[in-house]
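The structure under discussion appears below in the form of structure tokens.
Please treat every number below as a calculation from the coordinates, not as lab data. Predicted, not measured: the structure shown is a model, and the values here were computed from it. Here the Cβ positions follow ideal geometry from the backbone for every residue, glycine too, while neighbour counts run over all protein chains shown.
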Amino acid sequence: MVFIKDHSAGGVVFRKDKGEVEILLVATKGRTRWQLPKGRVEPKESPQKAAKREVKEEGGVDGEFICPLDTISYWYYWEGKKRRKLVDFFLLRYKSGDPQNHDWEVDDASFFPASEALKLLTFPTERKVVERALGVIRKKRLAD
């Protein structure tokens with residue numbers, strides 16, 4: 001089977017606001033699809049650097065690297081060609097920036113309380129990544 005391999009990276013950016021953990025999400029498709037910020041790993045760029053860059057571009061914020069979370073894989077068609085995409089996700093703690101400073105690739109970006117973010121996420125695979133991130137945040141007491 002002939003297919004094209006794509007490699008992307010993304011971030012689960014969290015912060016604590018008024019005692020509650022919030023997660024950064026971005027909207028695409030006319031604000032009908034909420035997802036984690038992610039994008040292509042450029043040549044000679046590490047997945048970790050790509051995740052931080054994509055969080056800045058799509059989410060308008062800078063994050064501090066905490067740890068790798070998970071890699072998801074899925075198939076899709078683009079321009080009539082079958083592609084397999086791998087996306088490496090990393091946990092990042094919010095450092096600075098404003099989600100409203102996102103780039104043109106997304107329609108909106110915002111922090112949501114974790115429970116709301118889990119409901120808003122379009123893709124079940126990304127929901128699992130966020131659930132894993134919340135487990136790490138609790139276990140490592142990152143939001144205390």
For region 19-56 and region 57-83, compute the distance between their C-alpha centroids and round to whole Å.
-> 7
Which shape class, rounded, prolate or oblate, goes with the chain when its Cα gyration tensor gives a ≥ b ≥ c as root eigenvalues, a/c under 1.5 marks rounded, and past that a/b bigger than b/c marks prolate?
-> prolate
If each K or R counts +1 and each D or E counts -1, the residues other than V2 whose Cβ falls under 9 Å of its Cβ total +2
Within a Cβ distance under 12 Å of R132, other residues only, what is the Lys/Arg minus Asp/Glu net charge?
-> +1
Entries of K38/K128; K5/K38; K49/K81; K29/K140; K38/K95 with Cα pairs more than 24 Å apart = K49/K81; K29/K140
Any chance you could give the angle, 0 to 90 degrees and rounded to 10, that helix 47-59 forms with the longest Cα principal axis of the chain?
-> 70
With a ≥ b ≥ c from the Cα gyration tensor eigenvalues, square-rooted, and the rule rounded for a/c under 1.5, otherwise prolate when a/b > b/c and oblate otherwise, region 36-93 is prolate
